[in-house]
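Have a look at the structure below, then the notes.
All of the numbers you see were taken from the coordinates with simple rules; none came from a lab. Owing to the predicted nature of the structure, the values given are computational and were not obtained by experimental measurement. Glycine also receives a Cβ, built like all others from the backbone with ideal geometry; neighbour counts cover every protein chain displayed.
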Amino acid sequence: MVNNFKKTLSGGAIELGITLESDQLVLLEKYYRMVIETNKSINLTAITDEREFIVKHLIDSLTCLYAIYIKKGARVLDVGTGAGFPGIPLAVGRPDLLLTMVEATEKKVRFLEEVVQELALRNVKILHTRAEDFGRKKAYREKYDIVVSRAVAPLAVLAEYCLPPLRTNGVFISMKGPNTKEEVVAAQNALAVLGGVIKDTIVIRLPYLGDERKLIIISKVRSTPDTYPRRAGIPAKKPL
Ligand code: SAH
């Protein structure tokens, strides 16, 4: 039986050109139930209504797949994933991708480890770290094909979190709401210093609700100087 949850999710995804198989729908519904259950004890999300969760969390996360072509087996990094957005839906939607998700709050990391185990996601690695510390480690610098991030910081700050781990010619997708003008202007210097160039802004209308989202598509055209990211806390305090 296809229940309401699965119908809403698969129908909404199809509007973005994404087909979810029944096993993927099962996993995403399980994930929803885990978020709602854990949300009773730790604050993961303000969105708990089923349909709203499907659209604003699950489908919104999947818009990354609609926005750009991601090659099979690509290494994808989600910075400041929180309760797992967009990383978990991307890992379920594209099991071929290798997802690394970094998050600074330990409780959220513990929750995500449970999700990975419960959903048996073999393509996901969760790391408890700050983006600044992560980006300074040689093992992670300039290693990712795609970096994604949603609702973590203004673009000028986010660029310093997300561009160091991205390989040259890789793509950074910054997931934003409808109003991006000011933060894009404010990020010009940071992007120039860190090696990023805005290639496109993709406007999305979320299915059912019609809310507008923007995906800022940034190409890395030059290697990031070794001095970035600066130490933890500095990018947010003193944006480039
Ligand atoms: N991306 C998720 C969570 C957004 S809330 C979503 O869209 O729902 C922002 C999250 O980023 C928080 O969980 C916070 O702990 C994390 N975060 C903020 N700054 C960070 C940093 N410098 N490094 C790692 N995680 C960070």
(Q) Rounded to the nearest 20 debye, what is the charge dipole size of the chain about its Cα centre when +1 sits on each Lys and Arg Cβ and -1 on each Asp and Glu Cβ? (A) 780 debye
Q) In terms of the Cα gyration tensor, with a ≥ b ≥ c the square roots of its eigenvalues, is segment 123-174 rounded because a/c is under 1.5, prolate because a/b exceeds b/c, or oblate? A) rounded
Q | Charge dipole (the chain, unit charges on Cβ, about Cα centre) - positive-most of ALA159, LEU194, GLN117 | A | LEU194
(Q) Please compute the modelled spin-label separation between THR19 and ARG51, points set 7 Å along Cα→Cβ, answer in nm with one decimal. (A) 2.7 nm
Q. ILE126's amide H: which non-local residues (gap 5+, or another chain) put their own amide H closer than 5 Å, with H modeled 1.01 Å from N in plane and none for Pro or chain starts?
A. MET101
Q.
Suppose R0 equals 30 Å. What FRET efficiency, 1/(1 + (r/R0)^6) with r the Cβ-Cβ distance, do VAL197 and HIS128 give to the nearest 0.05?
A. 0.45
Q | Candidate aspartates and glutamates - alpha carbon under 19 Å from LYS138, same-chain residues fewer than 8 apart omitted | A | ASP78, GLU103, GLU160, ASP226
Q) What value, in deg cm²/dmol to 500, does the helix sum -39500 (n - 2.57) over DSSP H runs of n ≥ 4 give at 222 nm once divided by the residues of the chain? A) -10500 deg cm²/dmol
Q) Assuming R0 = 25 Å, what is the FRET efficiency of GLU118 and VAL2, from their Cβ-Cβ distance, to the nearest 0.05? A) 0.70
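If the convex hull of the alpha-carbon atoms of the chain is projected onto planes in all directions, what is the mean projected area in square nanometres?
About 12.0 nm², averaged over all directions.
For the pair ALA151 and ARG231, what calculated FRET efficiency results from E = 1/(1 + (r/R0)^6), where r is the Cβ-Cβ distance and R0 = 25 Å, to the nearest 0.05? Walk me through the numbers on the way to the answer.
Details: r = 23 Å, r/R0 = 0.93.
The formula returns an efficiency of 0.60 here.
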